[in-house]
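Before anything else, here's the structure in question.
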Amino acid sequence: MSTWSSQQSARARYGELLAKMTVQALPAGDGQAFAEARAGAGYTPEELSRIHVQAFEQKALPMVADDLLTPEEGADLSSVMTALGLDWDAIARADRQLYDRLFVSSINGGQLPEVASPHILQKKGEAVHFECPASLMKEVAVREYKGGYQGFSIPLGKTGVRYRVGGSRGHSVEVGTTLNVADTGILSITNKRAVYAGTRKTMDMPYSKLVNLSLYRDGIQFHMSNRVNAPIFTVAGGTDILAAIVIAAAQRAEVGED
């Protein structure tokens with residue numbers, strides 16, 4: 001058999017294995033079959049990367065259609081990733097939306113991550129599930145001056161610049177609000193609380209006092225029963241994963257699972 005024919009045969013076999021993988025759990029030993037077919041297929045690294053990501057997407061999307069990934073489904077996906085030579089970083093680079101959905105679905109399925117070296121000092125029995133850079137925001141009134149000048153002018157110096165006496169007699173009117181950065185730091189989500197550790201401020205937000213969350217495309221606001229003003233934080237990269245972890249951890253704390 002010619003090299004070209006052998007290569008085409010290996011590619012056909014590889015395609016069959018990929019199709020089989022997308023509709024059922026990966027049987028033990030198929031990882032070796034994948035490696036053998038891939039070795040003879042003659043794909044370039046770029047071709048393999050594209051084919052593997054597409055196959056993984058076909059496998060993963062039906063699993064997260066209900067936004068819930070069970071431990072068994074997670075184990076199946078891990079086996080597939082190993083067989084395809086993929087890792088989570090590769091998935092995130094290729095399809096960030098799918099990565100976030102898998103992460104959120106896994107959290108909804110009861111699989112909370114754990115930070116190995118957190119920034120905060122943990123309390124007894126406390127596990128840190130997530131950390132990210134965050135900016136503490138402060139709501140500031142947007143004001144503008146209304147009204148005309150009421151004074152008279154006095155020439156000042158040779159430049160012709162004039163100080164308008166009485167120019168500040170217009171009245172200040174609030175026309176809205178804006179959010180300004182008040183502090184920057186790290187937002188940590190644990191099994192007991194949310195903690196903000198900033199350069200100037202530290203906030204401890206236990207789930208026992210958490211009344212509600214307001215979610216935004218780039219931020220999250222914690223409404224606490226022991227705070228008059230609800231702190232709001234902006235984060236980079238979206239809030240889906242952050243919100244899912246807060247909700248899951250708070251619900252576990254409420255029923256006493258942690």
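Considering only residues that are among the hydrophobic types (A, V, I, L, M, F, W, C) and open to solvent by less than 30 Å² (accessible area, probe 1.4 Å), look in the stretch 205-222 and name the one that is farthest from the chain's Cα centre (by Cα).
MET205
Is at least one residue of the stretch 22-37 at pLDDT 80 or above, among the polar types (S, T, N, Q) and farther than 28 Å from THR70 by Cβ?
Taking every residue of the stretch 22-37 in turn, none turns out to be at pLDDT 80 or above, among the polar types (S, T, N, Q) and farther than 28 Å from THR70 by Cβ.
Going through the stretch 211-231 one residue at a time, which ones are in contact with a helix residue (DSSP H, G or I) (Cβ under 6 Å, 6 or more places away or on another chain) and over 11 Å from ALA243 (Cβ atoms)?
MET224, SER225, ASN226
Can I ask one more? Restricting to the stretch 192-209, count the residues that are over 16 Å from HIS129 (Cα atoms) and out of contact with any Ser or Thr (no Cβ under 8 Å at 6 or more places or on another chain).
Count: 5.
Can you tell me which residue within the stretch 223-245, out of those that are over 19 Å from CYS132 (Cα atoms) and not in a loop (DSSP other than H, G, I, E, B), is least open to solvent (accessible area, probe 1.4 Å)?
MET224
Can you tell me how many residues in the stretch 115-141 are at pLDDT below 95, surrounded by 13 or more Cβ atoms within 10 Å (Cβ to Cβ) and among the polar types (S, T, N, Q)?
1
Which of (1) more than 24 Å from THR239 (Cα to Cα); (2) within 27 Å of the chain's Cα centre (by Cα); (3) open to solvent by less than 50 Å² (accessible area, probe 1.4 Å) does SER78 not meet, given it meets every other one?
(3)
Here's something else I'd like to know. Which of the following residues is in contact with a Gly (Cβ under 8 Å, 6 or more places away or on another chain) and in a helix (DSSP H, G or I): GLN54, GLN7, GLN58?
Just one listed residue meets the conditions, GLN7.
Oh, and also: Which ones in the stretch 191-204 are more than 21 Å from GLY110 (Cβ to Cβ) and open to solvent by 20 Å² or more (accessible area, probe 1.4 Å)?
ALA197, GLY198, THR199, ARG200, LYS201, THR202, MET203, ASP204
Report, by residue number, each residue of the stretch 180-190 that is touching a Lys or Arg at 6+ places or on another chain (Cβ under 7 Å) and either open to solvent by 40 Å² or more (accessible area, probe 1.4 Å) or farther than 17 Å from VAL235 by Cα (or both).
Within the stretch 180-190, just ASN180 meets the criteria.
Here are some conditions: (1) at pLDDT 90 or above; (2) farther than 30 Å from ILE186 by Cβ; (3) open to solvent by less than 50 Å² (accessible area, probe 1.4 Å). ARG50 meets all but one. Which one does it not meet?
(3)
Another question about this same structure. Name the residues in the stretch 84-97 that are open to solvent by less than 90 Å² (accessible area, probe 1.4 Å) and assigned to a helix (DSSP H, G or I), would you?
Hits for the stretch 84-97 are LEU84, ALA90, ILE91, ALA92, ALA94.
Within the stretch 157-169, does at least one residue satisfy the condition of being among the β-branched types (Val, Ile, Thr), assigned to a strand (DSSP E or B) and either at pLDDT below 90 or open to solvent by less than 90 Å² (accessible area, probe 1.4 Å) (or both)?
For the stretch 157-169, residues among the β-branched types (Val, Ile, Thr), assigned to a strand (DSSP E or B) and either at pLDDT below 90 or open to solvent by less than 90 Å² (accessible area, probe 1.4 Å) (or both): absent.
In this structure, is ASP100 under 22 Å from the mean Cα position of the chain (by Cα) and assigned to a helix (DSSP H, G or I)?
For ASP100, the condition - under 22 Å from the mean Cα position of the chain (by Cα) and assigned to a helix (DSSP H, G or I) - is met.
Residue-wise test of (1) within 31 Å of the chain's Cα centre (by Cα); (2) over 20 Å from ARG93 (Cα atoms).
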| residue | (1), (2) |
| --- | --- |
| ALA12 | no, yes |
| ALA33 | no, yes |
| GLY40 | no, yes |
| THR44 | no, no |
| SER49 | yes, no |
| VAL53 | yes, no |
| PRO62 | yes, yes |
| ASP67 | yes, yes |
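The values are calculated or read from the model by the stated rules, or taken from the named source; none is laboratory data. None of these values were measured; they are calculated from a predicted model. Using ideal geometry, Cβ is built from the backbone for each residue, glycine included, and neighbour counts are taken over all protein chains shown. These accessible areas exclude ligands, DNA and RNA; they are computed on the full protein's heavy atoms, side chains included. Shrake-Rupley method; radii C 1.70, N 1.55, O 1.52, S 1.80 Å.
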